[in-house]
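Before we start, here is the structure in question, set down as structure tokens.
Please treat every number below as a calculation from the coordinates, not as lab data. Predicted, not measured: the structure shown is a model, and the values here were computed from it. When we count neighbours, we look across all protein chains shown, and the Cβ atoms used for this are built from the backbone with ideal geometry, even at glycine.
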Amino acid sequence: MTFRDVTNIALGEQFDSALTRELASAQVVVVLIGPSWLDELVQRLDKPGVDYVRVEVAAALRKGKRVIPVLVRGAELPPLRLLPEDLASLAKRQAMTLRDESWSQDVDRLIGAIGRPYRWSVVALRVILALIFIVVGVKLLLPSLPADRANDVVFLRVLVGSLLAVYLVIEAALAFRYFKNLKHGWQLQNLR
């Protein structure tokens, strides 16, 4: 799920607790940095408690979240020496630039680097469909089985269970490959 403070915090909800809750469950934090980001940050340095951008980014860095600086409109990553201590490690993060002339490709690269969420509801649907196909397939197979096997409930349960187990191993292999590629992408993706 994507969370954006200005759109996802309900009216009347306490801002601080909503940010804390959402940040705790976040896997990736994207920090959009425009050309005036650093100047605006410097202007608010004497108000660290009310600068929610700083609070969010500093908390994400402190909690060891995967923080991706995304540079827009020609911005550059702020130098370490100009950042306050709680944001200093932001300057050491691999950044990505989103450019107007290649916006779609850049956004696709960003999504690829972050990783698309694993669609558990689709997996559940595939498992249910597989079970239905297995049961129907075994039922269609019954006339070709010897009479003692076709009437043996234990044999039929073991057959259906075995076929379902084979399918679940295939599904687990697909999930393993997905998460392995996601982890590999996090470690090796060069975003610049």
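Can you pull out the residues in the range 82-140 that are of a type in the set (D, E) and loosely packed, with under 12 Cβ neighbours inside 10 Å? Break it down into steps so the answer makes sense when it comes.
Quick first cut of the range 82-140, residues of a type in the set (D, E) only: 85-86, 100-101, 106, 108.
If the condition is that a residue be of a type in the set (D, E) and loosely packed, with under 12 Cβ neighbours inside 10 Å, then E85, D100, E101, D108 are the ones that fit.
Do you know which residues across the range 152-168 are hydroxyl-bearing (S, T, Y) and either within 14 Å of L141 (Cα to Cα) or surrounded by 14 or more Cβ atoms within 10 Å (Cβ to Cβ) (or both)? Full working, then the answer.
Of all residues in the range 152-168, those hydroxyl-bearing (S, T, Y) come to 162, 167.
The answer is Y167, and nothing else.
Can you find a residue in the range 21-32 that is of a type in the set (V, I, T), under 26 Å from the mean Cα position of the chain (by Cα) and either surrounded by fewer than 18 Cβ atoms within 10 Å (Cβ to Cβ) or in a helix (DSSP H, G or I) (or both)?
From the range 21-32, those of a type in the set (V, I, T) are 28-31; that's our starting set.
Now restrict to residues that are under 26 Å from the mean Cα position of the chain (by Cα): 28-31.
Among the residues that remain, those that are also either surrounded by fewer than 18 Cβ atoms within 10 Å (Cβ to Cβ) or in a helix (DSSP H, G or I) (or both) are: 28, 30.
There is at least one residue in the range 21-32 that is of a type in the set (V, I, T), under 26 Å from the mean Cα position of the chain (by Cα) and either surrounded by fewer than 18 Cβ atoms within 10 Å (Cβ to Cβ) or in a helix (DSSP H, G or I) (or both).
Specify which of the listed residues (Q105, Q94) is in a loop (DSSP other than H, G, I, E, B) and farther than 20 Å from L19 by Cβ. Step through it out loud before you land on a result.
Numbers: Q105 fails: in a loop (DSSP other than H, G, I, E, B).
Only one candidate passes the filter, namely Q94.
Looking only at residues in the range 39-66 that are of a type outside the set (G, A, S) and buried (at least 18 other Cβ atoms within 10 Å of the Cβ), which one is farthest from the chain's Cα centre (by Cα)? Walk me through how you get there before you give the answer.
We begin by selecting, within the range 39-66, every residue of a type outside the set (G, A, S); these are 39-48, 50-57, 61-63, 65-66.
With buried (at least 18 other Cβ atoms within 10 Å of the Cβ) added as a condition, the list becomes 41, 51, 54-57, 61.
Working: L41: 28, D51: 26, R54: 23, V55: 22, E56: 18, V57: 18, L61: 17 Å.
That would be L41.
Determine which single condition R126 fails, assuming it passes every other condition in (1) closer than 19 Å to R177 by Cβ; (2) of a type in the set (D, E, K, R); (3) touching a Leu at 6+ places or on another chain (Cβ under 9 Å).
(3)
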